[in-house]
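Trainee: Let me begin by handing over the structure; questions about it come next.
The values are calculated or read from the model by the stated rules, or taken from the named source; none is laboratory data. Note that the structure is predicted; figures quoted are calculated from it, not measured. Methodologically, a virtual Cβ is constructed for each residue, glycine included, from the backbone with ideal geometry; neighbour enumeration extends over all protein chains shown.
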Amino acid sequence: MLTCEDSVTLVIPVYNEQECIGKVLESWQEQLSKDQIKGHFLLINDGSTDDTLSILRGLESKWSNLKVIDQENQGHGLAVKNGYIASIEGPSNYIFQTDSDDQFSPEDFKLLWCKRKESPAIFGIRKERKDPFSRKVISLTLKSMISLIFRTSIPDANIPYRLFEKTFFQSLIQALPTGVFAPNVFLSILAFKYLKKPITIPVQHFSRDGTEAKLIRIGLIKACFKSFIDVIKFAYHIEKKMVFINKKYNYDASAMKTTSENSSVVA
């Protein structure tokens, strides 16, 4: 059941999505309202060269629950990470990340939201991935590599459909290595290693509507190679990361509980 203090910030990186971003955001706004979920939108415009920023600014002027961060082009990974860091300062006690390219359905969000009290991290799993064969191969390779190196099975390590409780999320973000190309992969590794079996929920996935993926050909190969190298390097630090997360998460959770109890006494 939805408690009055529960709300979610949706972190959405955007790059040259003028054709669909308005529809995507309106769909999310409508669905959250329908499901009676209090939501805030945090859009990170990653140096779009089309009319994306203009569309976002227009919505920002109309919607009180939407904020736009405009940055020079730094790539999807840094846009996501910058959005995550900004979301921690926001009003919500839950943080959700998805992409802006209309490949996921807002309808599935309630499946994760209803489970939020059962795990501090909940991951969507693409039940039928509508991506090119090359991307499926890369994902399978990454899954096998993570399983071999970290001894943990992560069905969909880089999926942009994930919900975190803020206190737990803060510990993950601070344990995140700097300069990584795909921060979501490392957040998955940290969460799965710490929680052992976080909740995973199958969600719908759709093909891009007549547009090309942002990473293609040589760029995609280079990006994947860098991610694989980052994953291998990260293995040497994973145990220290687990110790850090355990200390910080327990400390922050205890501090929050004390604050809540003191507030109740005052009230």
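Trainee: Taking V137 as meeting all but one of (1) among the aliphatic types (A, V, I, L, M); (2) over 17 Å from S188 (Cα atoms); (3) in contact (Cβ under 8 Å) with a residue 12 or more places away in the chain, write down the number of the exception.
Mentor: (3)
Trainee: Residues of segment 151-167 being surrounded by 23 or more Cβ atoms within 10 Å (Cβ to Cβ) and of a type in the set (V, I, T), which ones?
Mentor: I159
Trainee: Return the residues of segment 35-61 that are assigned to a loop (DSSP other than H, G, I, E, B) and within 21 Å of E89 (Cβ to Cβ); say none if nothing qualifies. Before the answer, list the steps.
Mentor: First, pick out the residues of segment 35-61 that are assigned to a loop (DSSP other than H, G, I, E, B): 35-38, 47-51.
Those that are assigned to a loop (DSSP other than H, G, I, E, B) and within 21 Å of E89 (Cβ to Cβ): I37, K38.
Trainee: Out of Q71, Q97, report the one residue that is crowded, with 16+ Cβ neighbours inside 10 Å and among the polar types (S, T, N, Q).
Mentor: After ruling out the rest, the residue left standing is Q97.
Trainee: Please go through segment 112-134 and pick out each residue that is surrounded by fewer than 16 Cβ atoms within 10 Å (Cβ to Cβ) and in a helix (DSSP H, G or I).
Mentor: F133, S134
Trainee: Now a separate question. Which one of these is buried (at least 16 other Cβ atoms within 10 Å of the Cβ), modelled with pLDDT under 95, small (G, A, S) and under 30 Å from C114 (Cα atoms): A182, A175, A191? Step through it out loud before you land on a result.
Mentor: Working: A175 fails: modelled with pLDDT under 95; A191 fails: modelled with pLDDT under 95.
Residue meeting the stated conditions: A182.
Trainee: Shifting gears a bit: Kindly list, by first and then second residue, each pair from a residue in segment 77-106 that is more than 19 Å from I37 (Cβ to Cβ) to a residue that is among the aromatic types (F, W, Y), limited to pairs with Cβ atoms under 6 Å and residues at least 6 apart or on different chains.
Mentor: Close Cβ pairs (under 6 Å, with a partner that is among the aromatic types (F, W, Y)) amount to G77/F181; Q103/F206.
Trainee: While we're looking at this one, here's another question. Select from segment 107-120 the residues that are under 15 Å from D6 (Cα atoms) and in contact (Cβ under 8 Å) with a residue 40 or more places away in the chain and list them in ascending order. Quick ask: steps written out before the conclusion?
Mentor: To start, the set of residues in segment 107-120 that are under 15 Å from D6 (Cα atoms) comprises 109-110, 112-120.
If the condition is that a residue be under 15 Å from D6 (Cα atoms) and in contact (Cβ under 8 Å) with a residue 40 or more places away in the chain, then F109, K110, L112, W113, K115, R116, E118, S119, P120 are the ones that fit.
Trainee: Another question, then. Using the structure shown, decide if T178 is among the hydroxyl-bearing types (S, T, Y), more than 15 Å from the chain's Cα centre (by Cα) and farther than 16 Å from I229 by Cα. Walk me through how you get there before you give the answer.
Mentor: Values: among the hydroxyl-bearing types (S, T, Y): yes; more than 15 Å from the chain's Cα centre (by Cα): yes; farther than 16 Å from I229 by Cα: no.
Criteria not met by T178.
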